[in-house]
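**Student:** To start, I am sharing the structure in question, which I have written as C-alpha cells.
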Amino acid sequence: MKRNPIADEMAHTYDRYFQSDGYRARYPQPNPSTLDYLLRNGASEAKHILDFGCGNGRYALALLAHSRADITGYDISAASLADFEHHLDHTPDAARVRLVHGNWSRLGRTPRYDMILMLFGVLSHLGDRATRIGALSRLRALINPNGRLVLSVPSALRRRPRELMKWSIARRLGVALPPLSEQGNIYFTRHVDGQSLTFFYHLYSPKGLRAELRAAGFALEACEAESLLPEWWIAQSRTLSGLDRMASHLLPPALGYGIRVLAVPV
Ligand SMILES: C[S@@+](CC[C@H](N)C(=O)[O-])C[C@H]1O[C@@H](n2cnc3c(N)ncnc32)[C@H](O)[C@@H]1O
C-alpha cells in the first residue's frame, strides 16, 4: 500500500515528543471524565479493546486497572510504545496488553474488538478526508456487531484560530497544496524542550464528524463537549477536572475543547 506522507511526518513528530518526555509532563493522566465515559459505555465489560493511537498508554493503563479486558495498543510512533512498555513493566496486568507498531495487518482482518478508542485527536492527525474515512472503514471491519467506537477530536470553534485563518487565506489565494487545500486542515508548531514539533490536524465540527463516521459505516449515538478547559489543565489538576466536568455538561458539543462521540457500526 502507498505510504501516507502525513503518517510519516506524524510518526517523526510524536517520536520526538515522547522521547523528550514532554507529552507525559503535559498530560500526566487521562481526562477523568473521558475515562469514566469509557467505563460507563462498555469498557468495564469489554473482552477486547483496541486503543488506536494509544500513545504512551495513559488511557490503556488506566483501563487495565478498571477492567478485565485484553487491550491492543496501536500507534505509528515507536517512541510512544516504548514509553507505554516501560510503564507496563510496573503493572501486574502486562500480560493483557499487546502493542502493535505501524502494521495494520497485525490488528486482525475480522471483527474482534468490543470497543475501539481513538482518543484525543488521533483521527485528526491521519490526513485528508479520504484517508480519515479509509481508516475508520478499516476499523469498522474490525469491530464486533455490538461493539462501540469512542473518539474525541479537536473542535474547530475552539482550537488554533490563527492557523485556521492562515490556511483559509492560503486556500483563497490558491497556494494551499493538498491536504491543506481541504477546509479545516492545518499545520501548527509547538515548542517542547527546545524542539519545534509540527503537527497536522483536521479541526472538526460535530456535523463534519458525523458525516465522516456515516461514510465509514458508523452511526453516531452520542456527541458531547469533552471539556471546557484545555486538556492539559485537566490532566494536571484534579480540582480543575472536577469543576470542568460540571461546566462541560452545559456546553454544546461544538464549544468543547474536544468533541467526544460514541458511535456504533451499522
Ligand atoms: C494527541 S496523541 C493521543 C495519544 C493518546 N490517545 C492519548 O490520549 O494520550 C495522538 C497519537 O496519535 C498517534 N498517531 C498519529 N498519526 C497516527 C496514525 N496514522 N496511525 C496511528 N496513530 C497515529 C500519535 O503517534 C500519538 O500517539
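Read-outs: derived from the displayed coordinates by stated rules, not from any lab. Remember, predicted model here, so these are calculated numbers, not experimental data. Positions of Cβ are backbone-derived with ideal geometry, glycine not excepted, and every protein chain shown enters the neighbour counts.
**Student:** I'm checking my understanding of the structure. Among residues of segment 136-149 that are surrounded by fewer than 22 Cβ atoms within 10 Å (Cβ to Cβ) and of a type in the set (A, V, I, L, M, F, W, C), which one is nearest to the ligand (Cβ to nearest atom)?
**Tutor:** For segment 136-149, the residue satisfying everything is Leu142.
**Student:** Considering only residues that are within 16 Å of Ala235 (Cα to Cα), part of a helix (DSSP H, G or I) and more than 8 Å from the ligand (Cβ to nearest atom), which ones fall in segment 1-32?
**Tutor:** Gly22, Arg24, Ala25, Arg26, Pro32
**Student:** If you take the residues in segment 147-169 that are over 19 Å from Leu255 (Cα atoms) and free of Cβ contacts under 8 Å to residues at least 60 places away in the same chain, which one is farthest from the chain's Cα centre (by Cα)?
**Tutor:** So, considering only residues that are over 19 Å from Leu255 (Cα atoms) and free of Cβ contacts under 8 Å to residues at least 60 places away in the same chain, the one farthest from the chain's Cα centre (by Cα) is Ile169.
**Student:** Next question. Which condition from (1) crowded, with 22+ Cβ neighbours inside 10 Å; (2) within 11 Å of the ligand (Cβ to nearest atom); (3) assigned to a helix (DSSP H, G or I) is the one that Cys54 breaks?
**Tutor:** So Cys54 meets the others, but not (3).
**Student:** Now for a different question. Under 7 Å between Cβ atoms, which residue pairs at least 6 apart in sequence (or on different chains) link something in segment 7-20 that is at positive phi with a partner that is among the small types (Gly, Ala, Ser) and more than 7 Å from the ligand (Cβ to nearest atom)?
**Tutor:** Filtered contacts from segment 7-20: no entries.
**Student:** Another one. Regarding segment 99-116, can at least one residue be identified that is hydrophobic (A, V, I, L, M, F, W, C) and either more than 19 Å from Phe218 (Cβ to Cβ) or out of contact with any helix residue (DSSP H, G or I) (no Cβ under 9 Å at 6 or more places or on another chain) (or both)?
**Tutor:** Yes, the conditions are met somewhere in segment 99-116.
**Student:** Follow-up question, since we're still on this one. Given the conditions (1) under 24 Å from Val264 (Cβ atoms); (2) part of a helix (DSSP H, G or I); (3) polar (S, T, N, Q), report the number of the one that Ser80 does not fulfil.
**Tutor:** Looking at each condition in turn, Ser80 falls short on (1).
**Student:** Considering (1) over 20 Å from Ala135 (Cβ atoms); (2) within 11 Å of the ligand (Cβ to nearest atom); (3) surrounded by 15 or more Cβ atoms within 10 Å (Cβ to Cβ), say which one Asn41 fails and leave the rest.
**Tutor:** (2)
**Student:** From the list Ala69, Ala60, which residue is touching a Cys at 6+ places or on another chain (Cβ under 8 Å) and surrounded by 21 or more Cβ atoms within 10 Å (Cβ to Cβ)?
**Tutor:** Ala60
**Student:** Looking at (1) touching a strand residue (DSSP E or B) at 6+ places or on another chain (Cβ under 9 Å); (2) in a helix (DSSP H, G or I); (3) of a type in the set (D, E, K, R); (4) farther than 30 Å from Ser67 by Cβ, which is the one condition that is false for Arg132?
**Tutor:** So Arg132 meets the others, but not (4).
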